[in-house]
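One structure below.
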Amino acid sequence: MKCIIFSVVAITILLSSCTALTPNDQQVVSPEGLFQNSAKQFEPRQILVTLAAKDKDRWPLLEEELLRDYPLTKNGAFPLQSLGIQCLVFIVPAQSDMSQLITELSQDARVDSVQKNSFFINQLNKYSDPYAKLQHGVEQIGAHKVHHKVTGKGVRIAIIDTGIDTKHLDLANQIILQENFVEQGDKSFTSDRHGTAVAGVIAAIANNSIGIYGVAPGAEILGLKSCSYEDHNKDYAICSSWTLARALDFAILESVDIVNFSLSGPQDNLLTRIINEGLKKKIIFVAATDDRNDQLGFPASHPDVIAVMAAENRLAGEMDLQQMKNKNILLAPGKEILSTAPDNSYDFFSGSSLATAIVSGSVALLMEKNAHLPVDEAYLLLAHPESINMCRAMPNSC
């Protein structure tokens, strides 16, 4: 069984499906070394500068002034409608001190906020579905015991990840909308493994005599591609603050109920602002912990985001229930999880990415019964020192 853990310099999506990495493979790699001929969203030495809503009428003028007053080259711009702000993307020339420039811009009254464009890398039985008996993760949490009453019907889940192979027969019509936030990323949806695996865990069709079934097969999935592979022969995909911010903004405007973040990394202030806006709209965010560094990582470290750790993680075995409650951590199966893969295939995957998908599906089951379920209540219903259990969370549905 191959075991791959994808790590990052900034935010990491954790997923595995091949041979174990050697120590040299597991070292953190600079994003500049990962993507040398990639989309503009992943070019090195980029910063994101936001302009405040109150200055909307002056945005074009402010942009011109910033380009005049600082050694910057414009590489993009996009509005974040959920926050009412404008985001400008600039490249800082190699001869300029990026940290110093960020400090100067942060003190400029014309600037709402400024930060680096951080990089994020992937982390990886009575059904007619022939592989159902192999789905120990879904069975372990007891999802199959509640499906006769709840399937996540009507619950909208945004998967912010790589693309999803919507041509997979076990995902047909499950993806109600798919958007791309990566330059030319729409060309590779059907070959994107990570997002396809996450989607399968959450919402693969049940009782279609094909493959597997998802934790919440009745849920409506929005596939928001913000991560991309430089080379599909490689086992990692990369995302950035730029792409993730746009995907998050889109998810909020689409009134999703749940956002699945199968990724983890360092603090990101712009993404925090957008998540906070989503929380005001009662969206539940579910995020993977950092398997590689035995840390929460971001956005799992956000106090109102449900953090998920694979139950098989070494650190999970060292924590008690109180520690998990203090850190808002849920444990879910994350080892050798069978899921969908491109070209109508299936594979086993491991890591907190899959555990996160299991939790997102579980929250969808709860939300079918309570559309306005608060995030803290969802956490408490699923919390357990070993793993989540849907019969305990929904005793009237078993």
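The values are calculated or read from the model by the stated rules, or taken from the named source; none is laboratory data. Remember, it's a predicted structure, so these values are computed and weren't measured experimentally. When we count neighbours, we look across all protein chains shown, and the Cβ atoms used for this are built from the backbone with ideal geometry, even at glycine.
Kindly check whether there is at least one residue in the stretch 333-348 that is part of a helix (DSSP H, G or I) and in contact with a helix residue (DSSP H, G or I) (Cβ under 6 Å, 6 or more places away or on another chain). Break it down stepwise before answering.
The initial filter retains those residues of the stretch 333-348 that are part of a helix (DSSP H, G or I), namely none.
No, the conditions are met nowhere in the stretch 333-348.
Please pick out the residue among Ala52, Ala77 that is of a type in the set (Gly, Ala, Ser), in contact with an Asp or Glu (Cβ under 8 Å, 6 or more places away or on another chain), over 18 Å from Glu183 (Cα atoms) and at pLDDT 95 or above.
Of Ala52, Ala77, the one residue that is of a type in the set (Gly, Ala, Ser), in contact with an Asp or Glu (Cβ under 8 Å, 6 or more places away or on another chain), over 18 Å from Glu183 (Cα atoms) and at pLDDT 95 or above is Ala52.
Select from the stretch 207-221 the residues that are crowded, with 22+ Cβ neighbours inside 10 Å and under 26 Å from Ser255 (Cβ atoms) and write down the one among them that is farthest from the chain's Cα centre (by Cα).
In the first step, residues of the stretch 207-221 are kept if they are crowded, with 22+ Cβ neighbours inside 10 Å; the result is 211-217, 219, 221.
Cutting the leftovers down to under 26 Å from Ser255 (Cβ atoms) gives us 214-217, 219, 221.
Details: Gly214: 18, Val215: 17, Ala216: 17, Pro217: 19, Ala219: 17, Ile221: 13 Å.
For the stretch 207-221, the residue satisfying everything is Pro217.
Going through the stretch 279-295 one residue at a time, which ones are surrounded by fewer than 22 Cβ atoms within 10 Å (Cβ to Cβ) and either of a type in the set (Phe, Trp, Tyr) or assigned to a helix (DSSP H, G or I) (or both)?
The answer is Leu279, Lys280.
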